[in-house]
Structures are given as structure tokens and as C-alpha cells.
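The next block holds one structure in the form of C-alpha cells; read it before the comments.
Each value in this text was obtained by applying a stated rule to the coordinates, not by laboratory testing. The structure presented is a predicted model; accordingly, all values stated were derived computationally and were not measured. FYI the Cβ positions are ideal-geometry reconstructions off the backbone, even for glycines, and counts take in every protein chain you see.
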Amino acid sequence: MGAEVVVEGLTKSFGNQAIWRDVTLTLPPGEVSVMLGPSGTGKSVFLKSMIGLLKPDRGRCVINGVDIVTCSEAKLYEVRKLFGVLFQDGALFGSMNLYDNVAFPLREHTRKSEAEIKRIVLDKLELTGLQGAERKLPGEISGGMRKRAGLARALVLDPEIILCDEPDSGLDPVRTAYLSQLLIDLNAQIDATILIVTHNINLARTVPDNLGMLFRKELVMFGPREVLLTSDEPVVAQFLNGRRLGPIGMSEEKDAAQIAQEEAHAAAGHSDGSSEEDLRGVVPQLEPTPGLPERMAVRRRKDRVMQILHSLPPAAQQGIIESLTHDELLRYGLTAPRPRPAEVDDTQEIPAWPGGRP
Ligand SMILES: Nc1ncnc2c1ncn2[C@@H]1O[C@H](COP(=O)(O)OP(=O)(O)OP(=O)(O)O)[C@@H](O)[C@H]1O
Ligand SMILES: [Mg+2]
């Protein structure tokens with residue numbers, strides 16, 4: 001199972017430019033999480049801070065008991081081996097062909113023979129749909145192929161934690177759908193802890209177990225997918241619907257007067273050009289391709305989320321309960337067992353809502 005990542009009070013600035021402050025979240029082991037946020041809110045900086053490439057001003061980021069903010073260089077080097085990272089720009093070496101790019105971490109960090117390296121590299125290239133492209137240079141392939149090569153390289157060391165910075169940017173909608181499925185399949189196969197930064201609403205709605213959002217130099221929310229997917233928080237709702245109407249502006253956040261003016265404009269029946277359909281709500285999560293193992297994180301997550309169910313907003317509680325099967329409802333004590341027919345005439349299930357009906 002992948003490692004847990006515990007982030008506490010993490011704060012980062014460059015000179016006098018504050019990027020985000022007091023970010024606290026836990027990536028549960030083996031679960032898939034997505035971080036959303038408008039451009040420039042520091043998502044890439046957050047990923048880089050998690051692997052110690054950037055040094056936060058304050059706070060902790062603890063992996064397997066090691067706080068990578070304060071640990072020694074030697075420890076950091078060890079911890080980094082747990083990570084597979086897909087950087088936003090792919091970060092491939094331009095002068096190396098795809099095979100050598102993907103083989104690089106193996107040659108750098110392991111003592112594997114070239115025969116073993118070949119087996120692993122070809123396996124990862126096939127997994128990411130790049131078989132046959134081994135001899136191509138990064139400059140000779142499409143942006144989408146470069147992304148996938150970056151992902152193949154992130155996977156060669158069997159990472160316990162995978163960080164993907166906008167794996168879908170530059171991909172067409174069909175490839176993005178394949179990529180979403182690939183991430184879920186990967187999680188089913190290796191049970192790694194995965195954090196994905198993305199602007200893709202569809203990926204955010206269908207892939208992760210947990211969703212978070214950075215905005216206004218803060219982590220606005222982080223929690224089970226159902227919480228953000230049903231949220232009334234204006235920033236979250238605006239982002240998940242891809243609307244202009246809301247607190248997020250083109251270059252920065254809008255001021256209160258501008259928001260009020262736009263709301264009045266919309267209330268008067270003017271469209272902002274985006275779809276009128278409200279995309280909020282819990283949609284089914286992607287499942288692994290038939291034939292692959294089940295995602296072990298699913299059961300673990302259910303147990304985890306059911307423990308905190310009472311603390312979640314009513315709409316999220318409802319979304320979670322509605323996604324449970326009859327057996328699961330029984331297991332979590334949410335449905336009275338069907339009474340034996342001899343005793344009663346009515347075999348209706350009686351849901352018992354914890355903490356009052358949502
Ligand atoms: N090494 C650095 N030195 C100084 N400032 C930096 C550095 N890296 C990032 N920044 C600044 O930090 C802010 C956040 O950048 P970051 O790349 O994390 O945004 P992002 O949320 O990933 O945006 P996008 O969605 O466009 O990728 C930006 O204002 C950027 O200029
Ligand atoms: Mg970025």
C-alpha cells in the first residue's frame with residue numbers, strides 16, 4: 001500500500017510574495033486525490049514542496065515518519081525514492097530518446113542490469129501506450145506523447161506516491177478520458193497514493209477519492225470527493241462548473257463590487273456563455289478496466305469516510321450513502337436487517353441516518 005502523506009500548516013512565500021499559508025491535509029494511503037485551483041495559486045509549488053524541491057517557510061510534510069521540511073539531505077534523498085513525479089512540462093531530457101529518458105531513474109537509483117531495465121522500460125512504455133516510440137526524441141513527438149512518456153518515467157521505480165502536475169494539459173478529450181482510466185487502472189495495480197493537479201473538470205469529477213482546492217493563498221477545502229462535488233462554496237462551485245460567474249476572475253480574484261455587479265447581470269437573465277447545466281452532484285467514480293484487480297483503496301476509503309460521515313455536510317452525507325450497496329448499508333449499520341417474513345408483513349428497509357436525516 002502507498003505511503004500516507006501528512007501535511008500540516010505548510011506555508012510558502014517567495015520573498016515578500018505569499019503563495020499559500022497554513023495548508024493542512026492528509027493524503028490517505030493508496031487513495032487518489034485531485035487538487036484544483038485557478039492558474040497561479042501555487043499548485044505546482046505545492047507539489048514541488050512535497051518532494052523537497054522547494055523549501056516551505058513553515059509547517060511539516062511527514063512521509064513514513066520523516067518530516068521532509070526539516071530532515072537531512074541524506075534522508076530527503078531516501079524519501080524521494082518513494083515518489084514518482086510527472087512534472088507540468090514533462091521535464092524530459094531533450095537529447096535522450098524516450099527509452100533512455102524512461103530508463104534514467106533506474107540507471108541513476110538502482111543497480112539493475114540493462115536486461116532488467118529493458119523489461120521495466122518496455123513495460124511502462126506499453127502501459128502508457130508508447131510502444132514503438134522508444135527511439136524517438138522528445139522534440140519529435142506530440143505534447144500528449146511527451147506527457148505519457150513523463151508518466152512512464154514517473155512509474156519505473158514502483159513509486160508509493162505519485163504526483164502528477166496537469167497530466168491532461170495539451171491532451172484532446174479522448175486522450176484525457178484514456179488518461180483518467182489509466183490513472184485508475186494504475187492505482188488498482190500498484191495501490192500507490194496519487195495526487196493529481198488538474199484543471200480538467202471531468203477528470204476531477206470521475207477519478208479521485210478526495211478533492212481539494214487552493215484559492216486566495218489558502219486551501220479552501222480538502223476532503224472526500226462527495227464533499228466538494230456537492231459544495232455550495234462559491235469558489236468550488238464556480239470552478240467545477242467552469243463558469244465566469246463567481247469569485248474567480250481572469251487574472252486574479254474579483255472584488256466584491258464586481259461579483260455583485262455580475263450576479264445582478266446574471267439575475268437579469270444574461271448568460272455568461274458557459275453551460276446553464278449545473279455540474280454539481282456526485283457522479284459515479286471510474287472503476288478499473290475489467291480484468292484488473294479491484295482498487296483496494298475503495299474499501300479502505302469507505303471505512304474511513306463512514307467514520308467521519310456525521311461531520312460532513314448533509315448533501316455530502318447523502319451522496320455517500322446513496323453510493324453504498326445494500327450489503328454496505330448493512331455493514332455500516334445504516335439499514336435494519338430485513339426482518340424475517342414470518343414476523344412482519346412489510347419487508348421495507350429502514351434507513352437509520354446517523355446524526356439525523358441529511
Ligand atoms: N521558483 C520560483 N521563484 C519565485 N516565484 C515562483 C517560483 N515558482 C513559482 N513561483 C510563483 O509562484 C506562484 C505560483 O506558481 P505555480 O506554478 O505553483 O502556479 P500553479 O497553480 O501551478 O499555476 P498553473 O495552473 O498555471 O500551472 C506564481 O506567481 C509563480 O510566479
Ligand atoms: Mg502549475
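Computed quantities for the displayed model
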{"quantity": "Any hit, the range 82-100, residues being over 30 Å from GLN238 (Cβ atoms) and either without any contact (Cβ under 8 Å) to a residue 12 or more places away in the chain or in contact with a Cys (Cβ under 8 Å, 6 or more places away or on another chain) (or both)", "calculated": "yes"}
{"quantity": "The lone exception for LEU82 - which of (1) within 16 Å of ligand 1 (Cβ to nearest atom); (2) crowded, with 20+ Cβ neighbours inside 10 Å; (3) closer than 24 Å to LEU179 by Cα it fails", "calculated": "(1)"}
{"quantity": "Qualifying positions in the range 13-41 - under 23 Å from LEU82 (Cα atoms) and either within 10 Å of ligand 1 (Cβ to nearest atom) or under 15 Å from the mean Cα position of the chain (by Cα) (or both)", "calculated": "LEU25, THR26, LEU27, PRO28, PRO29, GLY30, GLU31, VAL32, SER33, VAL34, MET35"}
{"quantity": "Of all residues in the range 14-61 being out of contact with any Asp or Glu (no Cβ under 6 Å at 6 or more places or on another chain) and of a type in the set (Ser, Thr, Tyr), the one that is farthest from ASP168 (Cα to Cα)", "calculated": "THR26"}
{"quantity": "Number of the condition not met by LYS118 [criteria: (1) among the charged types (D, E, K, R); (2) away from ligand 1 (no atom under 16 Å from the Cβ); (3) under 17 Å from ILE184 (Cα atoms)]", "calculated": "(3)"}
{"quantity": "Residue identified as within 16 Å of ligand 2 (Cβ to nearest atom), under 18 Å from LEU214 (Cβ atoms) and outside any helix (DSSP H, G or I) among VAL23, VAL7", "calculated": "VAL23"}
{"quantity": "Output for the range 108-158, where each listed residue is in a loop (DSSP other than H, G, I, E, B), aliphatic (A, V, I, L, M) and surrounded by 21 or more Cβ atoms within 10 Å (Cβ to Cβ)", "calculated": "LEU130, VAL156"}
{"quantity": "Test for PHE104: is it away from ligand 2 (no atom under 16 Å from the Cβ) and part of a loop (DSSP other than H, G, I, E, B)", "calculated": "no"}
{"quantity": "Qualifying positions in the range 187-209 - surrounded by fewer than 24 Cβ atoms within 10 Å (Cβ to Cβ) and more than 16 Å from ligand 1 (Cβ to nearest atom)", "calculated": "ALA188, GLN189, ILE190, ASP191, ASN202, ARG205, THR206"}
{"quantity": "Identity of the residue in the range 159-171, within 16 Å of ligand 2 (Cβ to nearest atom) and within 17 Å of the chain's Cα centre (by Cα), that ends up surrounded by the most Cβ atoms within 10 Å (Cβ to Cβ)", "calculated": "PRO167"}
